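Participant: The structure is given below, and queries will be raised subsequently.
No value in this document is a laboratory result; all are computed from the given coordinates. Remember, predicted model here, so these are calculated numbers, not experimental data. For neighbour counting, all protein chains shown are included, and Cβ atoms are generated from backbone atoms with ideal geometry for every residue, glycine included.
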Amino acid sequence: MLMSSASPRLRAARVLVAVALSSVACGEGAQATDATTRSSDGTADGSTRGSSEGSEGSEADASSEGTTAATEATEATATTAATDDPTDETGAPDQLPPTPTLASPEDGATEVPIVSELCWSPVEDPDGEPLRYRVFVNGRELAQGLLGDEGYEGPCTGPLNLVHETTYTWQVQAFEVDDPTRSSPKSAAWSFTSAGDGLTGTVFEDTFEADLGWQVSGGASAGAWVRASPVAAHHDGALSQPPRCLGGGLCYITGQNPESAPDDEDVVGVTVLTSPPFSLAGAQAATVQLRRFFYKSAQGPGPALTIELLTPNPDADDGYDAHLLERLDQPTSAAPENLWTPREYAVCDAPLTAGARLRVTAEDPGVGVLEAAIDAVSVHAHATPAICGAGEGAFCDPQGLTCPNELLCCAQGVVNDGVHRCAAPVPGLDFESPPPSPDDPGNGPLGCDAPDLIVDGAWIDPIFTDILVDQDTCEWAEGCLGWTGWRSLMLFTVATPNVGARDLVMGIPANHPELYHYSDCHDHYHFDDFARYELRAGDEVIAPGHKQAFCMLDTASWAWGLAQPKFDCANQGISRGFSDFYDAGLPCQWIDITDVPPGDYTLRVSLNQPPSYAALPTLNERDYANNTLEVPVTIP
């Protein structure tokens, strides 16, 4: 369902601050023209729309290498850093700050609450320089803008949102405020493990980045299971092998085909992949989670992908009883499973003992093309049998097993991991008339207890400008421009309110490393696949764009003007009743319209769409039908 653009609404929470034309993000060497900014009606306009205070507008200053402010800051930093032998006011050599000492959580701590602070013992600079601190978690800096340029006052940072049953390693570094290039060594690394949810425990987990000892058997003459990074292939116009793994750099695939040939190393015969053993002893129920890909070209019952749980039985032929979790045997033309799909399987009837294994079998007698892949496998022991019941908290499957009565089958967690439970419906927020305070219950439509992102069309007011670009710019390197030279751009602000029943909580980037990629050019991490932009003429896409998202944060509350934000770029999320603004002028917050003739078009903004290789959107929402908005625009 497409949401139509509403007329601008004045809300107390909305603050509009002008951003200079120089904040139009173009990399080093790019230039913005002096008088070519135009409003959507084609008239000259000397200013651009900007950001609310505290919004991601700070990234324009921090990461847009072509802006005046960024250039001055870079020159100042370079001048300071170029002093090879700095001295204090007495002429003695200036000393670097000492290394901080970590304080809490203690090294090796377990059961750390999933909302916690990280604390350290402050240090004093030998020369009396004011100091701040950089904090690194799993090797990633918790940063608000460019890495290393802001830091924290100390002695703690947080509260930070973590995820259950995860081990984190962290360090702290002191640096001089007046010269951030002068810093201490990083502290010794400490590790801690976050608490479980009290209901489940992870007994086996494998992202395939390391070899944990899976066994390959079956004797296939081609297409045997191999731990590798796949190369995309297409067969009869359909994706027959994924372009990448989903949990990291490596996954198990049925044969590597480095030349992208669809019939090179597809399965011929039977190939069996068996996990290392794990223990389900003492569990009342169990679940298996994984992500899988399956392509089958031929009709007929022979070729298939089978996923089973094996439990020890000394009287069985091979020492195990096999319990079917899923079997895929339909051709892709009838049941398209040729995208990475997160799945969860409930284990309710099998004996829960030590020595259990998983077995994944791909078989094809040689008819047509069959390919498969699996990634991000985990097994969870449950302390109660609730998932095997029929009430709230019971296992459900949108593809089959439904919930009784008025219960909904609701996805769990912030990321779509394929986990669903039966749950009572709860109200979201009415965007036009929210409840009086954040403490009041929702007054919107009933649905799952989850976030719900929409696009607020009131903030989309295109601005047109021209910039001069060369191949050294970050935006050229990251695919935000059609070519170098003079480019015409349509800039616009996008605001994404959360109208759901709960906060969208991402937490620190280390919680979901697979969702972020590091930009050498911008010197920070980008969140992938948050928003897509299209300039359309009817059904034809004339020019594309995308949100080069640095992070998700609470910019301002659209519902309650005085509400305080919870989330920022170090601890990410969008609170219920808040919006994340991505402002015109930020890097890549535009569509390149250089070759588009003047006229009337439609700007389509889509949030949280599935990546081209995935079956589901990345983020869990209660409603995906309201994630796209279309706005009429006129290019002068």
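Participant: Give or take rounding to whole Å, what are the principal axis extents of the alpha carbon atoms in the range 419-554, in descending order?
Facilitator: 55, 37, 29
Participant: So between Cys119 and Thr181, what do we pick up on full extension, going 0.36 nm a residue minus the alpha carbon distance?
Facilitator: 20.0 nm
Participant: First select every other residue whose beta carbon is under 12 angstrom from the beta carbon of Arg244; then total the charges, Lys and Arg +1, Asp and Glu -1.
Facilitator: Charge balance near Arg244 sits at -2.
Participant: A follow-up question, please. Tabulate in residue order the Karplus-calculated ³J(HN,Hα) for the range 417-431, using 6.51 cos²θ - 1.76 cosθ + 1.60 with θ = phi - 60°, rounded to whole Hz; enter x for Gly and Pro.
Facilitator: 9, x, 8, 10, 9, 6, 8, 6, x, 10, x, x, 10, 7, 5
Participant: What list of ³J(HN,Hα) couplings, whole Hz, do you get for the range 558-575 from phi and the Karplus terms 6.51, -1.76, 1.60, once you set θ to phi - 60° and write x for glycine and proline?
Facilitator: 7, 9, 9, x, 9, 5, 8, x, 9, 10, 9, 6, 7, 10, 8, x, 10, 5
Participant: So what are the range 560-617's ellipsoid semi-axes, whole angstrom, largest first, if each one is the square root of 5 times an eigenvalue of the alpha-carbon gyration tensor?
Facilitator: Its equivalent ellipsoid spans semi-axes of 29, 19, 12 Å.
Participant: So if R0 is 45 Å, what FRET efficiency would Gln399 and Ser104 give, r being the distance between their Cβ atoms, rounded to the nearest 0.05?
Facilitator: Step by step, r from the Cβ atoms, then E = 0.50.
Participant: From the C-alpha gyration tensor of the range 526-584, pull out the three semi-axes of the equivalent ellipsoid (sqrt of 5λ each), sorted largest to smallest, in whole Å.
Facilitator: Square roots of five times the eigenvalues give 28, 14, 8 Å.
Participant: Return the FRET efficiency for the residue pair Gln284, His164: r is the Cβ-Cβ distance, R0 is 25 Å, and the value is rounded to the nearest 0.05.
Facilitator: 0.85
Participant: OK, next. Which of the chymotrypsin sites (Phe, Trp or Tyr not before Pro) found in the range 472-518 are loop residues per DSSP with 14 or fewer other Cβ atoms within 10 Å of their Cβ?
Facilitator: Loop-located and lightly packed - Trp483.
Participant: Can I ask one more? Let me know the Kirkwood hydrodynamic radius for the range 142-223, please, with Cα pairs as the basis and the value in Å to one decimal.
Facilitator: Taking the inverse mean of 1/r over all distinct Cα pairs, the range 142-223 comes out at 17.4 Å.
Participant: Now a separate question. Given labels modelled 7 Å from the Cα in the Cβ direction, how far is it in nm from Thr634 to Glu406?
Facilitator: Between Thr634 and Glu406, the label points sit 4.9 nm apart.
Participant: Please give the contour-minus-distance gain from Gln564 to Asp197: 0.36 nm per residue of separation, less the Cα-Cα distance, rounded to one decimal in nm.
Facilitator: Additional length available on full extension: 129.4 nm.
Participant: Quick one: Phe530, Phe578, fewest Cβ neighbours within 10 Å first, how do they rank?
Facilitator: With the fewest neighbours first, Phe530, Phe578 line up as Phe530, Phe578.
Participant: With no solvent and one point per C-alpha, what does the Debye sum give as log10 I(q)/I(0) for the range 378-449 at q = 0.11, 0.15, 0.16 Å⁻¹?
Facilitator: Values returned for q = 0.11, 0.15, 0.16 Å⁻¹ are -0.36, -0.61, -0.67.
Participant: Return the FRET efficiency for the residue pair Ala188, Arg532: r is the Cβ-Cβ distance, R0 is 56 Å, and the value is rounded to the nearest 0.05.
Facilitator: According to the calculation, E is roughly 0.85.
Participant: Note down, for the range 333-454, the three equivalent ellipsoid semi-axes (square root of 5 times each alpha carbon gyration tensor eigenvalue), biggest first, whole angstrom.
Facilitator: 35, 21, 13
Participant: Just to confirm a number: summing +1 for Lys and Arg and -1 for Asp and Glu over residues other than Ser187 whose beta-carbon lies under 14 angstrom from that of Ser187, what do you get?
Facilitator: Here the count lands on -1.
Participant: What is the spread of the Cα atoms of the range 101-198 along each of their three principal axes, largest first, in whole Å?
Facilitator: Principal-axis extents of the Cα atoms in the range 101-198, largest first: 49, 25, 18 Å.
Participant: Now for a different question. Against the empirical 2.2 N^0.38 Å scaling, what ratio does the C-alpha Rg of the range 203-383 come to?
Facilitator: Its radius of gyration relative to the 2.2 N^0.38 Å reference: 1.00.
Participant: Hey, another quick one. Taking amide H atoms as placed 1.01 Å from N in the peptide plane, list the residues 5 or more away in sequence, or in a different chain, whose amide H sits under 5 Å from that of Thr555.
Facilitator: Distant-sequence amide H within range of Thr555: Ser579, Asp580, Phe581.
Participant: Between Asp263 and Ala390, with labels modelled 7 Å along Cα→Cβ, what's the label distance in nm to one decimal, could you check?
Facilitator: My value for the distance between the label points is 5.2 nm.
Participant: Residue separation times 0.36 nm, minus the C-alpha to C-alpha distance between Val216 and Ala424: what's the value?
Facilitator: My answer for the length gained is 70.5 nm.
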